[in-house]
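Read-outs throughout are calculated quantities, based only on the coordinates presented, and are distinct from any laboratory measurement. Remember, it's a predicted structure, so these values are computed and weren't measured experimentally. When we count neighbours, we look across all protein chains shown, and the Cβ atoms used for this are built from the backbone with ideal geometry, even at glycine.
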Amino acid sequence: MKQLGFRPSADDLTEMFEDACDGGRKISFSEFVSMMGEKMHSVDDAKTISNAFESFDANVTGYISHDQFRKILGMGKSKFSDKEVRDFIKMGDAGEGKIDYRSLAREVGGA
């Protein structure tokens, strides 16, 4: 969450966890993404995220390579772990080593 610019208190984390985990003891990545998508919607919507990736898509195909995606995520102040990058790739994987960044942006940024 800190990587995404959020600094929740312990109470906030407890409340978010209880809301997201459907009564279980663990939160799945998809539950986390859904929860964070709601939180991030106020920060960056799907169009903003898509436009950011589009600037790296010379032919505006809607796809970028996995390698290019990794490089993009490594460019900013936020540092994503290898697992976080792999999870994002899974979310937007279009096959053939490409990411459908528009689909990924909708999932992360909502709508």
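Can you bin segment 65-111 into rounded, prolate or oblate? Criterion: square roots of the alpha carbon gyration tensor eigenvalues sorted a ≥ b ≥ c, rounded for a/c under 1.5, prolate for a/b above b/c, oblate for the rest. Oblate is the answer for segment 65-111, as a/c is 1.5 or above yet b/c matches or exceeds a/b.
Placing R0 at 30 angstrom, the Cβ-Cβ distance between D57 and E84 gives a FRET efficiency of 0.90 after rounding to 0.05. Inter-label distance, A10 to E96: 5.2 nm, where each label sits 7 Å from its Cα along the C-beta direction.
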